[in-house]
1. Using only the alpha-carbon atoms, how far is helix 165-175 inclined from the longest principal axis of the chain? Give it as 0 to 90 degrees, nearest 10.
2. Provide the gained length on full extension for the span Thr154 to Arg63, in nm with one decimal, where the gain is 0.36 nm per separating residue minus the Cα-Cα distance.
3. So how much slack lies between Arg94 and Lys181, counting 0.36 nm per residue of separation and subtracting their Cα-Cα distance, in nm?
4. Counting only residues 5 or more places away or on other chains, whose amide H sits under 5 Å from the amide H of Lys125 once H atoms are built in the peptide plane?
5. Along the positive direction of the dipole of the chain (beta-carbon charges: Lys, Arg +1; Asp, Glu -1; about the Cα centre), which of His157, His137, Leu72 reaches farthest?
6. Here are labelled values, (i) 0.97; (ii) 1.19; (iii) 1.01, and one is the computed Rg/Rh (Cα atoms, Kirkwood Rh) for what I pasted. Which one?
7. To the nearest Å, what is the center-to-center distance of the range 53-105 and the range 109-165, using C-alpha atoms only?
8. Rank these for me by crowding, Asp32, Asp93, Asp85, Asp75, going from fewest to most other beta carbons within 10 Å.
Amino acid sequence: MNTSTTTIVPAAATYVTSGVSATAPIVFVVDDDASIRESLELLIEGAGWRAATFATSKEFLARPRAAAPSCLVLDMSLPAVDGVDLQKRLATDRPDMPVIVISGCNDVRLSVQAMKAGAVEFLTKPVCDALMVDALHQALERSRRALDRGAKLTCLHQSYTSLTRRERQVMMLVASGLLNKQIGAQLGISEITVKAHRGQVMRKMNAESLPALVHMAASLGLTAAFA
């Protein structure tokens with residue numbers, strides 16, 4: 001295992017894209033030490049990701065959210081808004097963004113505080129390249145899964161909104177386990193009509209089976225109350 005630490009090369013904060021695909025995952029770095037920002041940029045881009053670095057929390061928060069998988073490497077000691085405060089804000093505003101905390105001191109109390117605030121990893125400076133790359137891989141994979149879940153849920157909501165009010169009622173009752181005859185009796189419609197609505201629901205929701213439809217209803221948080 002490579003146990004070298006990041007090279008310290010003085011440089012100003014910057015946003016680097018040279019030689020890296022615009023669709024690649026992006027790693028945000030917030031650290032007031034320019035040499036640390038530069039060394040992390042080199043490491044991040046060397047691993048095939050994009051890097052966006054900032055000297056302050058304010059600069060980072062002003063940047064639009066990334067559509068691609070992303071994570072944040074955060075120094076605990078920052079001017080104005082420190083790492084802990086930024087973590088707390090992200091927990092509310094961007095809960096799907098994994099945070100890797102870095103610190104100049106190996107403080108157990110600080111480490112526990114960072115992890116309780118939601119950090120996925122706590123690393124001590126000077127940061128070992130191998131440990132950082134491994135932490136970034138895990139954080140970006142977590143972000144990718146979160147984005148996938150979000151995209152699927154958005155698609156699911158769009159499909160659900162395409163249903164008529166009656167189709168939503170039928171979907172909920174089907175998902176709750178009622179038979180077509182029981183649904184018809186509850187809604188005051190014929191069993192044939194229930195079957196027709198059920199077929200439309202399955203088609204519009206792209207549900208291949210009843211268990212799939214039940215899972216969709218659970219993901220949408222549907223209840224027995226009619227929409």
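1. Once rounded, the angle reads 80 degrees.
2. Here the segment from Thr154 to Arg63 would lengthen by 30.4 nm.
3. Gain on extension, Arg94 to Lys181, equals 26.7 nm.
4. For Lys125, the qualifying residues are Ser103, Gly104, Cys105.
5. His157
6. The calculated read-out lines up with (ii).
7. Distance between centres, Cα-based: 13 Å.
8. Exposure proxy ranking, most exposed first: Asp93, Asp85, Asp32, Asp75.
Where a number appears in this text, it was derived from the coordinates with a stated rule and is not lab data. This one's a predicted model, so the numbers in the text were calculated from it and none came from an experiment. Because the Cβ atoms are built from the backbone with ideal geometry, glycine has one as well, and the counts that use them run over all protein chains shown.
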